[in-house]
Amino acid sequence: MTESLASTLRRLATHLHHLQTEVWEARYHCARTSQTGVRANTTGPSSPTNDTQLTYLTETQTRLRELATNTSEDLHLLIPHNTQVGNYWAAWFYRHHTQLQDLTWYTDLTEELTDLEAELRHHIHPQDPHTVKLPDYATADEIAQALGKTPSAVRKWCVRHKVTAYTQDGRCHYRTTEIRGRYT
């Protein structure tokens, strides 16, 4: 079981490294006005990176740090409290993966880390649209998560391609059969 966990942790570190590299190498233009002056000024500068990716990376590292903190308290291991960047937390788990078996909640920890690795894998390599499984009616958030897009991109796409929107319980839903016909 520890070899399975060790390979999961190696893949987790690889995914985190990939995400971090994407954030570092993102080339977004900072200016809020176009060089032709077509777009009007807005308040303040824009972010030089993809904020969605940065937020996702930060939240993932926070989840790992919380798991590492709980683990270190239960196993009486030392953990630096000011480390927050990079693959540190995946490396910390890998370094202590043999000791993790002593946890009473080892199975839960293994499942949590495996789920996180699968989530990161899906985030980096979204599944093929032909294999997306959505209900008959889905929100823009659900569709975006399934396709690896942002909800605003899905909404714009649905408006542009005139996908029928339905309001259910105060939320806008789109008929997924209409979407499947257009993006496949």
For this session: Give, in nm to one decimal, the length gained when the segment between ARG171 and THR21 is fully stretched (0.36 nm per residue of separation minus the Cα-Cα distance).
Result: 50.4 nm
For this session: Of all alpha-carbon pairs in segment 129-183, indicate the percentage at a distance above 16 angstrom.
Result: 29
Seminar exercise, completed: One finds, for ASP141 and GLU111 with R0 = 30 angstrom and r their Cβ-Cβ distance, a FRET efficiency to the nearest 0.05 of 0.75
Problem set entry | Residue order, fewest to most surrounding Cβ atoms within 10 angstrom, among TYR88, TYR106 | TYR106, TYR88
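None of the figures in this text is laboratory data; all of them are computed from the coordinates on show. Predicted, not measured: the structure shown is a model, and the values here were computed from it. Because the Cβ atoms are built from the backbone with ideal geometry, glycine has one as well, and the counts that use them run over all protein chains shown.
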